[in-house]
């Protein structure tokens with residue numbers, strides 16, 4: 001089936017002056033209410049494409065309940081069954097998926113038509129600054145949600161609450177649409193914030209963040225000593241941590257006997273938000289190619305995944321040290337894709353969340369959105385926020401430090417804060 005479809009698409013490409021038919025690259029088929037929506041991707045292959053596609057699906061808040069990947073090394077065919085959420089912007093999702101699919105020319109033997117391989121220009125960073133006349137539970141989350149809907153990616157946040165309860169928020173953002181330098185796009189952003197904040201909004205400004213502003217936004221290069229070895233350990237835990245399942249509840253095995261040309265990796269685990277993304281970004285970081293994969297999650301949250309993989313040189317993974325390294329890393333990413341701690345800062349309480357960064361320098365999406373949602377549901381106010389990147393144990397981490405405002409005498413046990421935040425980040429709040 002895959003071969004015939006590839007030949008058909010290739011023939012159509014020739015008829016369209018070597019231009020790929022976008023309507024065939026990404027197809028979205030919405031079934032009857034209650035059934036998963038089917039997303040089909042049919043395009044040239046590249047290492048890490050599955051990771052990039054899963055990342056976008058995660059950004060749009062969709063849960064993958066089933067998936068099939070197949071490739072011959074040049075052309076791939078992927079199908080995702082996703083559980084939709086209300087008000088999903090399907091056309092926008094399709095466009096974002098198209099943007100990460102390689103062009104047809106990446107597999108064409110005609111160098112004349114192949115564009116120059118130039119590294120992408122890093123997106124411009126803008127400073128969104130606004131003052132509000134009051135603070136309340138959930139304010140920061142609601143603003144974050146507005147920015148996410150506008151496709152503004154939050155890079156850094158500086159939040160300050162004055163003694164008279166006024167709030168100054170500094171958001172360093174990039175624009176997925178790459179239009180924030182235009183007056184129309186700035187006006188649209190300010191309009192949405194005004195519509196939400198109403199009379200509470202004192203002022204709102206958007207400017208390009210120059211080097212001097214970016215430097216001022218940097219957090220401390222040092223982490224407190226009580227945020228240390230245990231939080232960032234790369235050793236597999238033997239018992240539950242932050243409500244995550246124990247290591248003996250996850251099975252990751254490797255087999256080189258079943259296929260003459262591929263290494264088979266079989267995974268049995270509990271589902272969590274972004275599960276396939278966590279697996280795919282790990283394989284992408286190891287420069288592993290996936291020839292075939294199948295994923296299934298049942299309603300109880302139990303998942304099965306088979307991956308037929310090979311190294312970048314087209315060979316199986318036979319080196320025992322490489323096998324052990326990959327298996328250990330996959331198991332760790334399934335057990336602890338995020339790290340969470342609640343610590344004391346004198347009389348105050350600080351929530352710390354660490355998010356591993358891909359080798360491509362991209363962090364997990366929507367982490368700050370989910371943290372602020374969890375705190376909103378707990379009716380907890382945020383006094384200040386610091387986001388910074390740190391190299392720890394040879395890995396880059398995006399670390400969120402949120403100082404909680406307990407000025408009104410309202411406090412919760414640390415374990416309840418941890419459990420609530422991890423449930424939202426892992427998507428377990430929908431099943432518990």
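The values are calculated or read from the model by the stated rules, or taken from the named source; none is laboratory data. This one's a predicted model, so the numbers in the text were calculated from it and none came from an experiment. Here Cβ is always computed from backbone atoms with ideal geometry, including for glycine, and neighbour counts include all displayed protein chains.
Among the residues of the stretch 194-213, the ones that are surrounded by 17 or more Cβ atoms within 10 Å (Cβ to Cβ) and in contact with a helix residue (DSSP H, G or I) (Cβ under 6 Å, 6 or more places away or on another chain) come to 2 in all. Residues of the stretch 130-152 that are buried (at least 18 other Cβ atoms within 10 Å of the Cβ) and assigned to a strand (DSSP E or B): 130, 132, 152.
Applying a threshold of 6 Å to beta carbon distances and a minimum spacing of six or more residues, or different chains, the list of pairs starting in the stretch 85-96 at a residue that is within 15 Å of residue 150 (Cα to Cα) and ending at one that is assigned to a loop (DSSP other than H, G, I, E, B) reads 93/60. Every condition in (1) at pLDDT below 85; (2) not in a loop (DSSP other than H, G, I, E, B) is met by residue 123 except one, and the failing one is (2).
When residue 349 is tested against (1) closer than 27 Å to residue 59 by Cβ; (2) in the same structural domain as residue 154 (by TED's automatic domain parsing); (3) buried (at least 20 other Cβ atoms within 10 Å of the Cβ), only condition (1) is not met.
When the stretch 400-428 is filtered for residues that are surrounded by fewer than 21 Cβ atoms within 10 Å (Cβ to Cβ) and assigned to a strand (DSSP E or B), the ones remaining, listed by number, are 403, 405.
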